[in-house]
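Engineer: I'd like to ask you about the structure that follows.
The values are calculated or read from the model by the stated rules, or taken from the named source; none is laboratory data. What you see is a predicted model; the values in this text were computed from it and never measured. A quick note on method: Cβ atoms are made from the backbone with ideal geometry, for glycine too, and the neighbour counts reach across all protein chains shown. With ligands, DNA and RNA removed, areas are computed over all heavy atoms of the protein, side chains included. Shrake-Rupley method; radii C 1.70, N 1.55, O 1.52, S 1.80 Å.
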Amino acid sequence: RPAAVAFTSEQEIARGPKTPSISYDIGDALKAVRDNTGLSALVLNPWGQSLVISKRLITALVGA
């Protein structure tokens, strides 16, 4: 299933192809993934050593 992508810095964004981006608080990004039935995870920094946070873990971290 589709996942949302997030970056931890401007440098991480610049490592990949040119992409439009917006700034979010990490808590808001986690809640947005939790609340979107079409998303299964949040991928942090996909252009290298990435971290995938599953919707199940997000729900455990921020609540239902």
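Engineer: Between a first residue in region 12-32 that is modelled with pLDDT of 90 or more and a second residue that is among the aromatic types (Phe, Trp, Tyr) and open to solvent by less than 80 Å² (accessible area, probe 1.4 Å), which pairs have beta carbons less than 8 Å apart while being 6 or more apart in sequence or on different chains?
Structural biologist: As it stands, the answer is Ile13/Phe7, since those pairs meet every condition given.
Engineer: Turning to a different aspect of this structure: If I ask for residues that are closer than 19 Å to Pro2 by Cα and touching a residue at least 12 places away in the same chain (Cβ under 8 Å), which ones from region 49-64 would you list?
Structural biologist: If the condition is that a residue be closer than 19 Å to Pro2 by Cα and touching a residue at least 12 places away in the same chain (Cβ under 8 Å), then Val52, Ile53, Ser54, Lys55, Ile58, Thr59 are the ones that fit.
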